[in-house]
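Values in this text are rule-based calculations from the coordinates and carry no lab data. The structure displayed is predicted, hence computed values, not measured ones. All Cβ positions, glycine included, derive from the backbone under ideal geometry; neighbour counts span all protein chains shown.
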Amino acid sequence: MKKEEADRELQKRRVQEQTENRVDQLINTVENYTRTERHLEQHSDIGDPKRLERATDIQNQRKSEIEHLKDNIVYGNETFNNNLHNLKENYDDTEEYMNHYGSEMSQEALNNMKEKQQNRLEELDRQK
């Protein structure tokens, strides 16, 4: 009985620590997002268009990360695991589709699909 109580207490502390880390990460991401957004508003007219595009991409990634962290904090790891599983499954299914039908697709459609696959890989790396 004491071992079970100790295990539950240990698990409870781990969950609390994970939640604290997620909150810290959320705060950091929101601060970075806000700082970059302010910078873009003030200096977007004088910046290099390629850098502006990259900054916009980073901001979109941060928005996604903020939503992901909020879900993890509110709902726990279950949502995270489901999202990760779905992302892996979508990646695998699309790879299989491209291998079978890629030669029959238009070049534009194939390039779009490859770009989405690259985004999925980046998201998988980020979520691990």
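Laid out as a table, the results:
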{"item": "For the chain, projected area of the alpha-carbon convex hull averaged over all directions, nm²", "result": "11.1"}
{"item": "Lysine pairs with alpha-carbon atoms under 17 Å apart, the chain, spacing 8 or more or separate chains", "result": "6"}
{"item": "For the stretch 114-128 versus the stretch 1-70, the gap between their alpha-carbon centres in whole angstrom", "result": "17"}
{"item": "Degrees separating the helix 77-101 axis from the principal Cα axis of the chain, which is the longest one", "result": "30"}
{"item": "Dipole magnitude of the chain about its Cα centre (Cβ charges: Lys, Arg +1; Asp, Glu -1), debye to nearest 20", "result": "520"}
{"item": "Calculated diffusion of the stretch 1-75, Stokes-Einstein form, Kirkwood radius summed over Cα pairs, 20 °C and 1.002 mPa s, µm²/s", "result": "145"}
{"item": "Positive-end residue, the stretch 1-75 charge dipole about Cα centroid, Cβ charges, pick of ILE66, THR34, GLY47", "result": "ILE66"}
{"item": "On Cα atoms only, tilt of 107-127 relative to the major axis of the chain in degrees", "result": "20"}
{"item": "Order by protection proxy (mean Cβ within 10 Å, highest first), peptides 23-30, 63-70", "result": "63-70, 23-30"}
